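Worksheet: the structure to be examined is printed underneath.
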Amino acid sequence: MTRDRLNILFVSPIPPSPPLGGAQARMHGLMANLARRHEVTAISLIDEQDDADACRRDMSRYCREVVLVPNPKGRAGRRKRLLQARSLLSLRSFEHHRCAIPALQAEVDRVLRRDRFDVVDVECTYLARLRLRQSPEGTARPPVVLGTHEIAYEIVRQVARSDASLGRRIYAGLNWRKLRRDERAAIRGADGISACSAADRARLLAHAPAARTVVIPNAADVEFYRPRPSDPPPDGRSVVFFGLLSTFPNTDGVLHFLRDIWPRIAAQRPEARCRIIGARPPAAVQGLAGPRVEITGFVDDLRPHLASAAVLVVPLRLGGGTRLKIVEGMAMGKAIVSTTLGAEGIDAVAERDLLIADEPEGFAASVVRVLDDPALAARLGSSARRLAEDRYSWGAAARALERFFGEVIADTGVEGEK
């Protein structure tokens, strides 16, 4: 294996493919593009709700080897709640306990002791305590790069201070400090760290000022997400949100939109319709469906739904990293209204590439403004598409990560390490 063609091991808490959520889309986009020039092996935890055959089939399209390790601890329901309750008595975070699977370490041991890798990329801080610096006897141990999708403890701390239910706020208040301790250890122990945004990079450096870091922004498959002649034209009335609805920041944003913003839009524009697209919508979201509010659940292909939308909304109040929903919407050439936090980390200019509003009245007014002005919607969409092509393609993001891997390998001097 020459230095130009790297042997890369990715270790992740969920399968990267098929990319059904934001974290999966990031891993899928980076790994699939890196695999065009390098050898990629993947070891991933997989939940019982996931289709193992589909995950293995999709990942095998770009991976030399795919290892899926069942996670018996559950992603939802009674088992998750019991684990959360037990974690209250521990000094470690719930997220650490959920990913502490002995079978995962066993597979990591097997693969690393069998093959020599140039670099190990561990996705998310929850897995950073795995023994990753291993290699066949007599060979150099690989450096470890930590891929951060967000600063998780910051999000949990936001929940603790939000208007979530009392039980959720109390639990978040107890958990975020444990999660901060786990994340600090992961950050300080990595040879290199990739962040989604400059803001997250600054947060990382606050914990480890000497850390080698890089910003690898979230991106989109700009060839897949693009305006097509076969797509329906904008209908002039559909206000669309899309995103995985099992995550609390998305659920909070949707409930905030439907309760505090949508009634203002609906009162001014009786012909407007709201469509919420995303897998696993909770009962609180489903309960707000009505004649003018459609909760679609998961859809096989987002593109026709986005193409027909008059405006996309990103009403997020909680979260970190950068939102793939914005860069995918930009790639589709759509007018977008977002909160400041929703657009964090994306080099978009307000009034040129999208509209920004944080208060319910201003957010509703911005949506109505787009509904009333198709020329404005077209201008915002065209500018957003150009920005996506220039700055936010997965190919460009993967090339930046490839360069970073090379810097980390050179910096750690692994060629001479035994």
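The values are calculated or read from the model by the stated rules, or taken from the named source; none is laboratory data. Here the structure is a predicted model, which is why all the values come from computation and not from measurement. Note: ideal-geometry Cβ built from the backbone for every residue, glycine included; neighbour counts use all protein chains shown. Each accessible area value is taken on the protein alone, full model and side chains, heavy atoms only, with ligands, DNA and RNA left out. Shrake-Rupley method; radii C 1.70, N 1.55, O 1.52, S 1.80 Å.
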Name the chymotrypsin sites (Phe, Trp or Tyr not before Pro) in the stretch 187-252 that are in a loop by DSSP and that have at most 15 other C-beta atoms within 10 Å, would you?
-> Phe224
One-quarter of the Cα convex hull surface for the stretch 202-349, in nm²?
-> 10.3
In terms of solvent-accessible area of protein heavy atoms at a 1.4 angstrom probe, what is the ranking of Arg110, Arg188, Arg98, highest value first?
-> Arg188, Arg110, Arg98
Shape category assigned to the stretch 314-366 from the gyration tensor of Cα positions, a/c cut at 1.5 = oblate
antiparallel share of DSSP beta bridges within the chain, to nearest 5, in %, is 0
Bin width 10 Å, alpha-carbon pairs only: give the P(r) of the stretch 331-418 as whole percents, running from 0 to the bin holding the largest distance.
-> 16, 34, 21, 13, 10, 5, 1
For the chain, compute Rh as the Kirkwood radius over C-alpha pairs and then the Stokes-Einstein diffusion coefficient at 20 °C and 1.002 mPa s; write the answer in µm²/s, rounded to an integer.
-> 96
At a 1.4 Å probe radius, which order do Leu91, Leu68, Leu316 fall into by accessible area, largest first?
-> Leu91, Leu68, Leu316
Gyration tensor verdict on the stretch 165-256 (Cα atoms; rounded if a/c is under 1.5, prolate if a/b is larger than b/c, oblate otherwise) | oblate
Over the stretch 46-118, how many percent of alpha carbon pairs lie in each 5 Å bin up to the one with the longest distance?
-> 3, 14, 18, 19, 19, 13, 9, 5, 0
Add +1 for every Lys or Arg and -1 for every Asp or Glu among the other residues with Cβ under 14 Å from the Cβ of Ala364, and state the total.
-> -1
Mind ordering 246-256, 71-81 by average Cβ neighbours within 10 Å, highest first?
-> 246-256, 71-81
Candidate cut points under GluC sites (Glu not before Pro) in the stretch 175-281, DSSP loop plus at most 11 other Cβ atoms within 10 Å of their own Cβ, are Glu223, Glu271
List the GluC sites (Glu not before Pro) within the stretch 28-77 that fall in a DSSP loop (any state other than H, G, I, E or B) and whose Cβ has at most 12 other Cβ atoms within 10 Å.
-> Glu48
Excluding ligands, DNA and RNA, the carbon-plus-sulfur percentage of the accessible area of the stretch 153-246 with a 1.4 Å probe reads 54
What residue among Leu127, Leu89, Leu179 shows peak mean-square fluctuation when the chain is described by a Gaussian network model with Cα springs under 10 Å?
-> Leu89
So for Ser194, Ser165, what's the accessible-area order with a 1.4 Å probe, most first?
-> Ser165, Ser194
Taking N as its residue count, the alpha carbon Rg of the stretch 76-148 over 2.2 N^0.38 Å = 1.33
Accessible area per residue, 1.4 Å probe, Å², for the chain: what's the number?
-> 43
For the chain, what is the mean residue ellipticity at 222 nm derived from helices alone (per DSSP H run of n ≥ 4: -39500 (n - 2.57); sum divided by total residues; nearest 500 deg cm²/dmol)?
-> -13000 deg cm²/dmol
Given 0.36 nm per residue, what is the gain on full extension from Arg79 to Arg177 after removing their alpha carbon distance, in nm?
-> 33.0 nm
Would you please calculate the Kirkwood hydrodynamic radius of the stretch 353-401 over all C-alpha pairs and express it in Å, rounded to one decimal?
-> 12.5
